[in-house]
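Each remark here refers to the structure printed beneath this line.
The values are calculated or read from the model by the stated rules, or taken from the named source; none is laboratory data. Just so it is clear, the structure is predicted and the values come from calculations on it, not from any experiment. Positions of Cβ are backbone-derived with ideal geometry, glycine not excepted, and every protein chain shown enters the neighbour counts. Heads up: the accessible areas ignore ligands, DNA and RNA and are worked out on the full protein's heavy atoms, side chains in. Shrake-Rupley method; radii C 1.70, N 1.55, O 1.52, S 1.80 Å.
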Amino acid sequence: MNNSIGNIYRLTSFGESHGPAIGGVIDGMPAGVAIDTDELQRQLDRRRPGQSDITTPRKEADRVKLLSGIFEGVTTGTSIGFIVENSDQHSSDYDNMRHLFRPSHADYTYTAKYGLRDHRGGGRSSARETIARVVAGSLARQALAPAGITISAYTSRVGDIAIDRPYSELDLSLTETNAVRCPDPEKAAAMTELVRKVRNEGDTIGGIISCVIKGCPAGLGDPVFGKLQARLASAMLGINAAKGFDYGMGFDCAGMRGSQAADLFTTRKDDGAIHTLTNNSGGIQGGISNGMDIYFRVAFKPVATLLTEIPTVDDRGLPVTLKARGRHDPCVLPRAVPIVEAMASMVIFDTLLANRCSRI
């Protein structure tokens with residue numbers, strides 16, 4: 001299994017949903033980066049279960065233990081090791097799934113690949129593994145802050161309820177003021193009620209998370225196989241339940257003419273800096289950042305575990321009826337927002353470090 005992501009700034013994660021702990025080892029963090037452990041814990045708190053009535057009721061403190069690589073609040077340049085212990089597993093909730101293949105889960109594919117699987121909460125395929133990504137992403141984010149690079153994700157759609165304004169017209173500081181993490185208060189209220197309704201029906205629902213990266217300098221990314229958008233797409237599509245990625249005008253460009261899509265260059269009068277009048281490119285051209293805001297969207301499917309009876313087959317291929325138990329999110333989006341930010345932070349920081357080798 002490929003348990004690592006990144007080239008210079010590199011995370012290797014380990015652990016299962018119902019094992020003793022989730023953890024990771026981070027290589028490539030330069031020495032001398034000031035680390036705020038309270039901020040690190042705050043990011044984990046944004047991802048943890050049980051934080052509102054529209055997320056899973058599983059109760060986990062998700063307190064991170066830093067084992068190495070940080071001394072007196074500063075990175076040492078050596079590997080950063082960490083763990084987050086699991087404490088509220090209800091493994092017996094999954095006993096009836098030991099020999100069943102849950103529809104749209106990794107049960108069948110894991111068995112096909114390895115000949116066995118950990119049926120408790122999905123084992124390694126559980127979204128609980130993303131704890132390690134949030135830790136590594138938060139540290140990368142803190143390393144990016146002195147460079148003026150900020151990364152903000154938010155829920156822009158749940159089901160058929162969507163924000164109908166561009167991000168430039170939104171107050172992204174409002175994202176954390178509601179359970180669904182939507183910066184539009186009116187839409188947030190409607191989204192929250194929809195999630196509650198779906199949950200009460202034993203069903204689940206999907207949506208879209210948008211992300212804006214500000215302050216990224218021009219020149220990050222490579223022109224061929226290391227295109228910045230490709231690295232971001234790979235990171236985002238590696239998140240559990242992620243099904244789609246686009247950036248800038250994305251799929252909307254399919255119905256445009258070139259004259260409508262072109263981002264014309266100009267220079268600012270105050271400092272003479274080159275920029276574009278529009279940002280249809282989403283801050284990336286030719287696989288390389290152009291200094292404008294980087295903007296992308298990630299589509300998430302409805303959670304596959306339904307709290308209603310559904311037909312499936314067992315590991316002998318015989319038809320059975322599955323009645324799932326356990327504690328599950330009716331919608332992944334609220335808890336996926338910090339994960340999207342974390343993955344983006346790792347990609348941008350890794351690319352920023354690599355870019356220092358592009359010239360002598």
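Between Arg359 and Lys243, what is the spin-label point distance in nm, taking each point 7 Å from the Cα along the Cα→C-beta axis?
Spacing of the two 7 Å Cα→Cβ label points: 4.4 nm.
Provide Val158, Val332, Val313 ordered by accessible surface of protein heavy atoms (probe 1.4 Å), highest first.
The residues order as Val313, Val332, Val158, largest area first.
Pairs to check: Lys59/Lys113; Lys113/Lys243; Lys113/Lys227; Lys65/Lys214; Lys301/Lys323. Give those whose C-alpha atoms are more than 24 Å from each other in this structure.
Long pairs (Cα-Cα over 24 Å): Lys59/Lys113; Lys113/Lys227; Lys65/Lys214.
Hey, got the dipole for the chain? About the Cα centre, +1 on K and R Cβ, -1 on D and E Cβ, debye to the nearest 20?
600
For region 37-77 and region 8-31, what is the separation of their Cα centres, given in Å?
Region 37-77 and region 8-31 have Cα centres separated by 13 Å.
Would you be so kind as to identify which of Gln229, Cys211, Thr177 lies farthest towards the positive end of the dipole of region 132-290, taking Lys and Arg as +1 and Asp and Glu as -1 on Cβ and the Cα centre as origin?
About the Cα centre, the residue reaching furthest to the positive side is Gln229.
Calculated from DSSP H runs of 4 or more alone, at -39500 (n - 2.57) each and per residue, what is the 222 nm mean residue ellipticity of the chain, nearest 500?
For the chain, the value works out to -7500 deg cm²/dmol.
With the cut-off at 1.5 for a/c, could you classify region 95-192 from its C-alpha gyration tensor as rounded, prolate or oblate?
Oblate, because a/c is 1.5 or more while a/b does not exceed b/c.
Taking 0.36 nm per residue of sequence separation and subtracting the Cα-Cα distance, how much length would be gained by fully extending the chain between Cys253 and Thr321, in nm to one decimal?
Length difference between fully extended and current span is 20.1 nm.
Could you put Tyr247, Tyr167 in order of accessible surface area, largest first, with the 1.4 Å probe and the full protein assembly present?
The ranking, largest first, comes out as Tyr247, Tyr167.
Roughly speaking, what is the centre-to-centre gap between region 267-314 and region 154-229 when only Cα atoms are used, to the nearest Å?
Region 267-314 and region 154-229 have Cα centres separated by 10 Å.
Which residue fluctuates most in the GNM of the chain (Cα springs below 10 Å): Gly282, Gly221, Gly28?
Gly28
Just the number please: accessible area per residue for the chain, 1.4 Å probe, all protein chains included, in Å².
Ligands and nucleic acids excluded, the result is 47 Å² per residue.
Over the heavy atoms of Lys113, what accessible area does a 1.4 Å probe trace out, to the nearest 10 Å²?
We get 140 Å² for Lys113.
Round to a whole number: what % of the accessible area of region 131-267 belongs to carbon and sulfur, probe 1.4 Å?
Percent of accessible area from carbon and sulfur atoms in region 131-267: 54.
If I model a spin label as a point 7 Å beyond the Cα along the Cα-Cβ vector, how far apart are those points for Ala112 and Leu172 in nm?
Placing both labels 7 Å along Cα→Cβ, they lie 3.9 nm apart.
Given a 1.4 Å probe and heavy atoms of the protein chains only, how would you sort Phe251, Phe14, Phe101, Phe265, largest accessible area at the top?
Descending accessible area places them as Phe251, Phe265, Phe14, Phe101.
Considering only protein heavy atoms, what is the solvent-accessible area of Asp263 at a probe of 1.4 Å, reported in Å² to the nearest 10?
Result for Asp263: roughly 20 Å² accessible.
Multiply the residue separation of Asp38 and Leu264 by 0.36 nm, subtract the distance between their alpha-carbon atoms, and state the gained length in nm to one decimal.
Length difference between fully extended and current span is 77.1 nm.
Placing unit charges on C-beta atoms (Lys and Arg positive, Asp and Glu negative, everything else neutral), compute the dipole magnitude of region 111-242 about its Cα centre in debye, rounded to 20.
620
Kyte-Doolittle mean at least -1.0 and Cα extent at least 18 Å along the axis: which DSSP H helices of the chain qualify?
The qualifying helices are 130-144, 185-200, 333-355.
Which value results for Rg/Rh of the chain when Rg is the Cα radius of gyration and Rh the Kirkwood radius based on the inverse mean 1/r?
0.98
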